[in-house]
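See structure below.
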Amino acid sequence: MNGPNLNLLGSREPEVYGYDTLDDIKGRCEALGSELGFQVDFRQSNSEGEMVNWIQEARTDHAGIIINPAAYSHTSIAILDSLLASEIPIIEVHLSNIHQRESYRQHSYVSKAAKGVICGLGAQGYDLAMRAMAQLLEKK
Ligand code: DQA
């Protein structure tokens, strides 16, 4: 699940976020999903409420959530609360290394609900998160 402005990837500050578009990342996640034996439901929203609704739904019909909450990482207790209620494994991903950036990006509310956090490795972070999720789900 991808948060606000990630639909602009590829053209949005490529020196920070890379040149891959969200569609490129989606394609790679879907291919890796079939290799790992799970179905990927890849989504993006610019709306906090829509993300909360999707997280609530995932509780019943998804095995785990890999989320790049984008700017909502740093502001949204509502997204944190929905993730805490979800009772499925959560992995947080950021393309950039948020700890090297502006101070307001260095804290993520969402991390409190995440089993693990991957940041700073660009689009590759999504692949790593999927492999980690496959292992978490196998162990369950
Ligand atoms: C981001 C980092 C956030 O601080 C920023 O608001 C984003 C993207 C990342 O993937 O590096 O939109 O989550």
Could you provide, to the nearest whole Å², the per residue accessible area of the chain with probe 1.4 Å? 52
Leaving out ligands, DNA and RNA, and with a 1.4 Å probe, what % of the accessible surface on the chain is carbon or sulfur? 47
List the GluC sites (Glu not before Pro) within the range 32-140 that DSSP assigns to loop and that have no more than 13 neighbouring Cβ atoms inside 10 Å. Glu87, Glu102
Just check the range 7-121 against the gyration tensor rule for me: Cα atoms, a ≥ b ≥ c as the square roots of the eigenvalues, rounded for a/c under 1.5, and otherwise prolate or oblate depending on whether a/b exceeds b/c. oblate
Candidate cut points under trypsin sites (Lys or Arg not before Pro) in the range 13-61, DSSP loop plus at most 15 other Cβ atoms within 10 Å of their own Cβ, are Arg43
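The values are calculated or read from the model by the stated rules, or taken from the named source; none is laboratory data. For clarity, every value in this text was computed on a predicted model and none was experimentally measured. Glycine also receives a Cβ, built like all others from the backbone with ideal geometry; neighbour counts cover every protein chain displayed. To get the accessible areas, we keep the full protein, side chains included, count just its heavy atoms, and leave off ligands, DNA and RNA. Shrake-Rupley method; radii C 1.70, N 1.55, O 1.52, S 1.80 Å.
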